[in-house]
Amino acid sequence: MELANTLKQDGESRGGVLAHLERLETQVSKFHKKLEEPQDAQALEARIHELERLRDNLRAEVKQRQARVKASTANVEPDQTLEISEQEILERKQENVKAILQAYRFTGISGKLTSRGVCVCISTAFEGNLLDSYFVDLVMEKPLWIHHHSVPVFIPLEEISAKYLQTNTQRFLFVLCEYLNAYSGRKYQADRLQSDFAAFLVGPLQRNSLCNLLSFTYKVKLEGQSFPFCARLLYKDLTTTLPTDVTVTSQGMEALPSTWEEQRADHENLFFTKPLHQVFTSFARKGEKLDISPLS
C-alpha cells in the first residue's frame, strides 16, 4: 500500500508538472507573437529566456520522477503489482458507492456498510406518499455482485445489473430506482382506484403483477343517462407511471351519440395525462357524475 501511495503521489505530481509545462509552452508562444508588436524587445527576450529555463528544469524533473517510478516497480513482483492494483480498484469502488449513497440520501436511496460491502435500501414514493422499500446487498469484490435482494421477480434486475453494475454503479442504482418507483406508483394508483372508486366500477379491476396492464369498466352519468365505458391502459415503458397506450370503448353500443363520443375521447386524454384516481376526481369537476347505481 505504501508503494501504491508513492506511485499515486508521483502520478499526481507528474500530472501537475506536465500541466505546468503546457502552460509555459503557451506563454512562450504568446511572447513570440508579441515580439512582432512595438514593445521593449530586450525585456521580452529576457522573459522568454527565463520561461525556457523554467521549462527545461521542469522537463528534467519529469524525467527524474519517471526514473524513480521505474526503479520502484522493477523490484515488485508482477503478481504483487496486480494485487495492489485490484485492491485499489475495490477500495475506489467502495468509496464511490459511499459517495453515491450520500448524494442520494434525500431521493429515497440509502445504505450502510457491511462486512462484505454495502447494503442499499431503495424507498419508493408517489405523490408524496411513502410506499414500499427494497434492499440490494452488494459484495465489494471483483467483479461486483449481488448477494441478496428483495426486488420483485418481475423487475428486470439481472438485465439492469448486466448493463450497469460493473461499469457505472451510480447508473445501476438510478435505473433500478426508476423501475421500482414506477412500479410502486402504478400499484398505488390501482389500489386507490379499487379502494376509493370501487362503487363506480362494474366488476373487478384486472391487472398483472407489474401493474403495467390495467382494464376495468366504469359508469358515468351524463344528462340523466348512465353509460358504461371499458378502459384498457398499457404501460410499455416500465419506468413511467402514466400509460403509453389507452383505449376507452363503449359497452353494448356500436355507435355512440356525439355527446358521449366527446366524453369518451376526453376520458382517453385524461388517462394519458393524469394518475387514475385524479382522473376519476376530475370527472366531477367537469360536470360529469359517476354512477353508483346497479348497471341494468
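The values are calculated or read from the model by the stated rules, or taken from the named source; none is laboratory data. The structure displayed is predicted, hence computed values, not measured ones. Quick reminder, even Gly has a Cβ in these numbers, built from the backbone with ideal geometry, and neighbours come from all protein chains shown.
For the stretch 196-224, residues that are over 32 Å from the mean Cα position of the chain (by Cα) and surrounded by fewer than 20 Cβ atoms within 10 Å (Cβ to Cβ) total 13.
Condition check for Asp191 on (1) more than 30 Å from Phe283 (Cβ to Cβ); (2) without any contact (Cβ under 8 Å) to a residue 24 or more places away in the chain; (3) not aromatic (Phe, Trp, Tyr): one failure, at (1).
Go through the stretch 107-143 residue by residue and tally those that are free of Cβ contacts under 8 Å to residues at least 12 places away in the same chain and either among the charged types (D, E, K, R) or surrounded by 15 or more Cβ atoms within 10 Å (Cβ to Cβ) (or both).
Initially, the stretch 107-143 is screened for residues free of Cβ contacts under 8 Å to residues at least 12 places away in the same chain, giving 112, 115, 128, 130.
Okay, now just the ones that are also either among the charged types (D, E, K, R) or surrounded by 15 or more Cβ atoms within 10 Å (Cβ to Cβ) (or both), so 112.
Within the stretch 107-143, residues that are free of Cβ contacts under 8 Å to residues at least 12 places away in the same chain and either among the charged types (D, E, K, R) or surrounded by 15 or more Cβ atoms within 10 Å (Cβ to Cβ) (or both) number 1.
Pick from the stretch 156-178 the residues that are in a helix (DSSP H, G or I) and touching a Leu at 6+ places or on another chain (Cβ under 6 Å): which of them is nearest to Leu138 (Cα to Cα)? Please lay out each step first, then the result.
Initially, the stretch 156-178 is screened for residues in a helix (DSSP H, G or I), giving 157-164, 169-178.
From the residues that got through so far, the ones that are touching a Leu at 6+ places or on another chain (Cβ under 6 Å) too are 160, 172.
Details: Ile160: 14, Phe172: 12 Å.
Residue satisfying both the conditions and the ranking: Phe172.
Of everything listed in (1) among the acidic types (Asp, Glu); (2) modelled with pLDDT under 70; (3) closer than 30 Å to Ser209 by Cα, the single unmet condition for Glu83 is (3).
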